[in-house]
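Have a look at the structure below before the remarks.
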Amino acid sequence: MELMGNGGGRVNKEYAMGKRKMMAMDQDMDAGMDELLAELGYKVRSSSMADLAQKLELLDRAMGNSSALDDISHSHLASDSVHYNPSDMSRWVDNMLSELDAPPSATFPSPSVVDLSPINVSSWLGYPAQPTLSIQSDCGSEPQLGMESREWKRVRTSSSSTACSGGLLIRPSEVVYSSAMPMMMVESDHEAGIRLVHALVACAEAIQEENYKSADAIMKQITFLTSSQHGAMRKVGVYFAEALGRRIYSLHPKQDHYLDSAFSDILQMHFYETCPYLKFAHFTANQAILEAFAGHRRVHVIDFGIKQGMQWPALMQALALRPGGPPSFRLTGIAPPQSDKSDSLQQLGLKLAQVARTINVEFEFRGLVANSLADLEPYMLDVEPEIIAINSVFELHGILALPGAIEKVLDTVRSLRPRIVTTVEQEANHNADGFVERFTEALHYYSTLFDSMDGGSDEGSPEKLMTEVFVGRQICNVVACEGFERTERHETLEQWMSRMRGAGFEPVNLGSNAFKQANMLLALFGRGDGYRVEEKGGSLTLGWHNRPLIATSAWRVAGAGDGVEAAR
């Protein structure tokens, strides 16, 4: 404001003096203020907390009174207005109560409750549940500031208590952005989602700096921000918050790895049924194996992770329809030991043999139990004069934590001289040394994955929930674990290409036929318009919109050609 006239110098001098007095008064008032509320921009003396709590309770009850709300609707406190929120909370509450004019003894109808309680991560992790928050409101035909509203309004707190008395209306287009002032927000899901992502990354940064006090404080914000989300973003917030919480509080319960493996296999079956990723992996790998087996009468597949054997009935059916009749088909399935000591591999072999008999394919199955792929030796695989294909779907990244393990496995594979090696891995780098870099990559990757899984007719079904648990366990391993316990060490296709070439392999082009048929497969899948198949250096990737999520590649021993295998 500019002051004019001959007395302008004197006025400016008095104005400056008055300003210094006000600053001094503000400093005096700051003494004895509650520190937690002060950090949020509110001035409340510690000695006044009890009185303020009573006033807030009274205000809450008054706001729930339908008659009081009717009176407000004709004033500047109407529901479509937003007031500056003063830093002097006590005075603001007094002003609100005076305008509502609600007597303490008034009886109000019980308002409906909109539960906006933050997700309590502590309760998930075994800590006592913390008090929850709820907003009580008399629900009308349409909430003006509900969480479902697509318009957001931002209330700027003011250092002056007079900001409230003016009853100023702020429209979204008139909002003033200021990072220097504390904010109280009522915003859209998108805006809150951005804040949730920022809070998650900030928590990861605090953990990397070993500032666990700050990480704990940020976790409280994360739980509240997560509670305001819906759909994919809420699931992302839940699983990443749990993983961060486990890392902050060092909650790593001892697990039975045998039981854990069996449970993961069950979860993966649901993932197979509800998402196209495993179907794509099996289809593209089978197509490459089928082409490699063309014209050969004795073929042998060594599966590095047989699990439930879901991949192989389709291959057997394709072999049965081959011109000239099906070949003799051997399958070696590798699996970890089972917790119940049952011979699940034998049971799986019997089921696959029944499928083979039905379609007239000569079939032999052999199960091989191994704690790790690194334990395999060439003699264990019982190779005969035959065409060999080695298949690995989401298996190789699991041994990267063991020093020298991946090199040993690739040496074993190369010694078998296979006609083809098919590998499917996540298209992500979750094996970086820096925690924040790994966390950020995982956050983007799994946000895209959950987005691709969101919606659909099966939303909320037990199968879908089990699928989400399957993905959530991966997130927990990437974020919360370190050392040998961190097995989800995904790497990008480029990294695997470099590693495979260095181990003496050369790529095999998957071809346009696999590309076209993969797109046909996705066309049959719900929400197929969002999935994208792309060719990259002879390999195929499947992603959601512009983000590749998994990659299938095929390899053979460098320089082997077709002559070595043709002799078998």
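The values are calculated or read from the model by the stated rules, or taken from the named source; none is laboratory data. All values derive from a computational prediction rather than experimental measurement. Note: ideal-geometry Cβ built from the backbone for every residue, glycine included; neighbour counts use all protein chains shown. All accessible areas refer to the heavy atoms of the entire protein, side chains included, with ligands and DNA or RNA removed. Shrake-Rupley method; radii C 1.70, N 1.55, O 1.52, S 1.80 Å.
Computed from phi, the 3J(HN,Hα) profile of segment 427-434 under the Karplus parametrisation 6.51, -1.76, 1.60 (θ = phi - 60°) reads 8, 7, 10, 9, 10, 6, 5, x Hz, with x in place of Gly and Pro. With a simple spin-label model that places each label point 7 Å from the Cα along the Cα-to-Cβ direction, the separation between Q495 and E535 comes to 2.7 nm. One way to sum up the overall shape of segment 285-387 is the equivalent ellipsoid from its Cα gyration tensor, whose semi-axes run 24, 16, 11 Å, largest first.
From most to least packed by mean Cβ count within 10 Å, the peptides 492-500, 357-365 give 492-500, 357-365. When only alpha carbons are used to place a centre, segment 222-242 and segment 189-220 end up 12 Å from one another. The value of relative contact order for segment 338-453, using C-alpha pairs under 8 Å at least six residues apart, is 21 percent. Summarising the amide proton neighbourhood of A428: residues at separation of 5 or more, or on other chains, whose placed amide H is nearer than 5 Å comprise E491, T492, L493.
Proximity of backbone amide H atoms, modeled 1.01 Å from N, is registered between F363 and F329 at under 5 Å, excluding neighbours fewer than 5 places apart on the same chain.
Pairs exceeding 21 Å between alpha-carbon atoms, taken from K279/K516; K279/K408; K279/K464; K307/K516; K307/K536; K307/K351: K279/K408; K307/K516; K307/K536. Per-residue 3J(HN,Hα) values for segment 509-520, derived from phi via the Karplus relation 6.51 cos²θ - 1.76 cosθ + 1.60 with θ = phi - 60°, read 5, 6, x, 6, 5, 5, 4, 5, 5, 5, 5, 5 Hz in sequence order (x marks Gly and Pro).
Between Q347 and E377, what is 0.36 nm times their sequence separation minus the Cα-Cα distance? Round to one decimal in nm. Difference between extended and current length: 8.4 nm. Calculate, in whole percent, how much of the Cα-Cα pair population of segment 361-509 lies beyond 20 Å. When every Cα pair of segment 361-509 is considered, 58 percent fall beyond 20 Å. Which FRET efficiency value, to the nearest 0.05, do you get for S339 and S415 by plugging their Cβ-Cβ distance into 1/(1 + (r/R0)^6) with R0 = 35 Å? Taking R0 as 35 Å, the efficiency between S339 and S415 is 0.65.
Accessible area ranking (1.4 Å probe, heavy atoms, ligands and nucleic acids excluded), largest first, for E468, E534: E534, E468. Take 343-350, 236-243 and order them by the average number of nearby Cβ atoms within 10 Å per residue, most first; the result is 236-243, 343-350.
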